[in-house]
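So the structure is just underneath, and the comments pick up after that.
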Amino acid sequence: MAVASLVCGLAGPCTGGLSALVGLVLGMVGAGRIDRSAGALRGKGLAVGGVIASVIGMILGILVLGAAAGLFFLAYRVENLIVNPHPATWNEEAVANLQTLSKAAFGYASLNDGCLPPADTWPTDLAPYLRDDTGQVMAWPASRGIVYAMNRSVGGMKLNDIPQPDRTVLFFFAKGGSPPAGGQDEIVWRGEPAESNSIIIKGVICFVDGHTEEFAFRQSELDKFIWDPNEAPSKP
């Protein structure tokens, strides 16, 4: 028992302290038997050593388990925040960047007879208004396999000529490799199976009035937004 206690105690750090617990019991039982044997059994020092090794093994085993749990949690956080950003983080950054683009578009319009930049050249036209010296705003989508896109139908239009700016799309995220302007067919969406086996669309859109919305609905409901101001229904 004394030898088994020592071996189990030494193995404690490798077993999360479980073998050390067994070693502690074996060491205490072994030491007790040696005391009661009136000298017939030897190895008291080995049994005591097994008890001490088991206590130390239990402490080290618990520390090893804690360190392993900490590393697992850290790896999980890194994967979710960097490799696969959490949706909330993704949306917060997306909203902030689209709002930055809309402010730049308003700055451009204020110096260009109230007109939005042309759809195909807006990235170049808005560059002086972005206040993006580090390039972080414009570079943000690339690392995620997407691009900014302007609603082609509003390019070059006067802001005052757009009848329902609060429902008319200005900027959105498009699939990687898409041109700088387009329509709802290019919009980036992240689908999740719904209870009805339909697809729920999740994304972020910036509207002509400057507000930005996170949305979640069925793909067929994308037309609830106005993509072509010339076809917008009249307000009641």
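The values are calculated or read from the model by the stated rules, or taken from the named source; none is laboratory data. These figures come from a predicted structure and were not determined experimentally.
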Exercise for the section: Grab the helices (runs of 4 or more DSSP H) fully contained in region 61-150, keeping just those with 1 or more residues being at pLDDT below 80, hydroxyl-bearing (S, T, Y) and under 20 Å from the mean Cα position of the chain (by Cα). Expected result: 87-110
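On the given criteria, is E213 in the same structural domain as A94 (by TED's automatic domain parsing), charged (D, E, K, R), farther than 21 Å from L126 by Cα and modelled with pLDDT of 80 or more?
Values: in the same structural domain as A94 (by TED's automatic domain parsing): yes; charged (D, E, K, R): yes; farther than 21 Å from L126 by Cα: yes; modelled with pLDDT of 80 or more: yes.
Yes.
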